[in-house]
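The structure appears right after this line, and notes come after that.
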Amino acid sequence: MGDAFIAVACNIFFKYSFFRTLDLSYRKFVNFVKLVQSYYSPTNPFHNALHAADVLQASHVYLSQKDVKENFSDLELCAL
């Protein structure tokens, strides 16, 4: 499973420029995402960090659609 959750989260935040537009610290964000990932049990066959990465990616695909994205501010997109 590795660090798929961390990679997906960071890539999405870069894509939306959240680090710049919301003045977020990349280092603090990575530390936070690592902490979140550490709470997922690697022995759980379904609800694990890889599943979290899949859900995050699927949410991104849905929210990146123009007719959806245009209805949210950067802060709202980040919160979702």
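Can you name the residue in region 52-76 that is surrounded by 15 or more Cβ atoms within 10 Å (Cβ to Cβ) and either small (Gly, Ala, Ser) or modelled with pLDDT of 90 or more (or both) and, of all such residues, is farthest from residue 11 (Cα to Cα)?
52
Quick check on region 22-36. Is at least one of its residues of a type in the set (Phe, Trp, Tyr), within 15 Å of the chain's Cα centre (by Cα) and open to solvent by less than 80 Å² (accessible area, probe 1.4 Å)?
yes
Out of 79, 49, which single residue is out of contact with any Cys (no Cβ under 8 Å at 6 or more places or on another chain) and surrounded by 15 or more Cβ atoms within 10 Å (Cβ to Cβ)?
One residue alone meets the criteria, 49.
Which condition from (1) farther than 24 Å from residue 69 by Cβ; (2) surrounded by 14 or more Cβ atoms within 10 Å (Cβ to Cβ); (3) touching a residue at least 40 places away in the same chain (Cβ under 8 Å) is the one that residue 42 breaks?
Unmet for residue 42, out of (1) farther than 24 Å from residue 69 by Cβ; (2) surrounded by 14 or more Cβ atoms within 10 Å (Cβ to Cβ); (3) touching a residue at least 40 places away in the same chain (Cβ under 8 Å): (2).
Quick check on this structure: which one of 34, 28 is in contact (Cβ under 8 Å) with a residue 12 or more places away in the chain and over 16 Å from residue 80 (Cα atoms)?
Answer to the selection: 34.
Which helices (runs of 4 or more DSSP H) sit wholly inside region 20-80 and have at least 3 residues that are farther than 16 Å from residue 5 by Cα?
66-69, 74-79
The values are calculated or read from the model by the stated rules, or taken from the named source; none is laboratory data. Everything numeric in this text was worked out from a predicted model, so none of it was measured. Every residue, glycine among them, receives a Cβ derived from its backbone with ideal geometry; neighbour counts consider all protein chains shown. Each accessible area value is taken on the protein alone, full model and side chains, heavy atoms only, with ligands, DNA and RNA left out. Shrake-Rupley method; radii C 1.70, N 1.55, O 1.52, S 1.80 Å.
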